[in-house]
1. Could you work out how far apart the two model spin labels at F155 and D271 are, taking each label as a point 7 Å from the Cα in the direction of the beta carbon, and quote it in nm?
2. With each run of n ≥ 4 DSSP H residues scored as -39500 (n - 2.57), what mean residue ellipticity at 222 nm is computed for the chain after dividing by its residue count and rounding to the nearest 500 deg cm²/dmol?
3. Report for the chain the percent antiparallel among DSSP-assigned beta bridges with both residues inside it, nearest 5.
4. Could you tell me which trypsin sites (Lys or Arg not before Pro) in the stretch 1-53 are loop residues by DSSP with no more than 11 other beta carbons within 10 angstrom of their beta carbon?
5. Just rank H131, H160, H62, fewest to most, by other beta-carbon atoms within 10 angstrom.
6. Taking a virtual spin label 7 Å from the Cα of D21 along the C-beta vector, which residues in the stretch 253-292 bring their backbone nitrogen under 13 Å of it?
7. Once you put a point 7 Å from the Cα of R193 and another 7 Å from the Cα of A280, both along the Cβ direction, what distance in nm separates them?
8. Between S56 and A125, what is 0.36 nm times their sequence separation minus the Cα-Cα distance? Round to one decimal in nm.
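The numbers here are math on the coordinates, done by the rules we state, and not lab data. Quick caveat, the model's predicted, so the values are computed rather than measured. Note that we place each Cβ from the backbone using ideal geometry, even for glycine, and neighbour counts take in every protein chain shown.
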Amino acid sequence: MQIGISFPQTEIGADPAVIRDFAQAAEDLGYARISVVDHVVQQGTPKGPEFARFYSREAMFHECLTTLAFMAASTRTIGLASAILILPQRQAVLVAKQAAQVDVFSGGRLRLGVGLGWNEVEFDALGMGFHDRGKRVAEQIEVMRRLWSEDLVTFEGHWHRFADAGLNPEPVQRPIPVWLGALADPAIRRAARIADGWYMYPRQEPDAAAQARISLFRQAAAEAGREPDSLGINATVFASQGAGPDEWLAVMSRWRELGVDSLTFRTAESDLACPDGHIAAMRGLMDAAKGA
């Protein structure tokens, strides 16, 4: 079972040295990867699901791929991931270029986690359609994979048309692994058909509903002619889900029993007062995990 750490975007501040120290601490402690959440702009009063309150203009969000590039230069071995990048609000070819660059800088350590997003204002601000985002994302992933895998690409799709075009430098991983974040049943089926792995809804509890979604994912993968065991499943455990490492490990154990093979520990939204508090929490979890 791999355990990764989520970069506490909204609570760590803007000092590059602090960000570097957090990434290096995660690496030194033995975390499998560090993941970065993505938002480009936020509203004064966010509209959307209940958790939207965490994503107002007052919350600081470092740009996802730029931050991963900085972390690539600050670390040596830890995996790097976007979890998740809102792909349909961006141009797929530009994301392919940026991701390839991060993969080069990191020596092949990038996992590109992408999803549909929920915040319509970001799509408006970036000039991209919100209501057809689910239809576009599959074609975007196909475009990116071909650009990462082939020297020159000619593509004729519904949203993308170009001829004799290629990326240089090429990524180390050809192609870069793409994981899809998904909550609704159609999105879970899409992830099972086309993704290398699935990021479950991070606020999902390891309960019967989670088990049903995992079963749906595995069934959809098999129906698509894929081997379900070859596809990764990631779940999130918040520091707020317990009083300390033993309780965090108990939640992780429940996820493992459901068939999850990769976990992300998220220290954000847990009333930790400073960067040192986040590092102390992730140290406590890893120390307990190694002693278990």
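1. About 4.7 nm separates the two model spin labels.
2. Mean residue ellipticity, 222 nm, calculated: -13000 deg cm²/dmol.
3. Taking every DSSP beta bridge within the chain, about 10 percent pair in antiparallel fashion.
4. Those that pass, being in a loop and sparsely packed, are K47.
5. H131, H160, H62
6. 274-280
7. Each label point lies 7 Å from its Cα, and together they span 4.9 nm.
8. Stretched fully, the S56-A125 segment lengthens by 23.3 nm.
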